[in-house]
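Read-outs throughout are calculated quantities, based only on the coordinates presented, and are distinct from any laboratory measurement. Treat the numbers as computed from the prediction; the structure is a model and nothing was measured. When we count neighbours, we look across all protein chains shown, and the Cβ atoms used for this are built from the backbone with ideal geometry, even at glycine.
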Amino acid sequence: PLSAVSLSAQPPRGQVALGDRLVLSCAVAMGTGPLFFTWHQGGSGALLGTDSCLELCHIGDNDSGHYQCWVNDGDSVAESVPLNVTVL
């Protein structure tokens, strides 16, 4: 089963200056087989990306909020702890 889905951000802690670039990375400590990633913001059903990394260029005020990575191995889905992105 999937476990320990974690997020990391560059710049660190998800604090990014207006107009800069943000890269979020999703990692899975345990899981086998092909893994499918989806990215979501603030509980909305909108799909932001389907790779293990999400790159947001030219960050704007509307990009602030909580981001989550969901990982699916075909049998189960695991979610990361939300990461709060702050636009400075």
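Data overview
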read-out: Subset of region 15-36 [surrounded by fewer than 11 Cβ atoms within 10 Å (Cβ to Cβ) and either in contact with a helix residue (DSSP H, G or I) (Cβ under 8 Å, 6 or more places away or on another chain) or more than 22 Å from residue 50 (Cα to Cα) (or both)]; value: 19
read-out: Residue list for region 72-81, restricted to those being surrounded by 13 or more Cβ atoms within 10 Å (Cβ to Cβ) and out of contact with any Gly (no Cβ under 7 Å at 6 or more places or on another chain); value: 72, 77, 78, 79, 80
read-out: Count of region 37-66 residues which are surrounded by 14 or more Cβ atoms within 10 Å (Cβ to Cβ) and within 17 Å of residue 14 (Cα to Cα); value: 13
read-out: Inter-residue pairs, beta-carbon under 6 Å, first part of a strand (DSSP E or B) and in region 19-31, second small (Gly, Ala, Ser) and surrounded by 14 or more Cβ atoms within 10 Å (Cβ to Cβ), 6+ apart; value: 24/9; 25/8; 26/52
read-out: Of all residues in region 32-45 being free of Cβ contacts under 8 Å to residues at least 40 places away in the same chain and not in a strand (DSSP E or B), the one that is farthest from residue 74 (Cα to Cα); value: 42
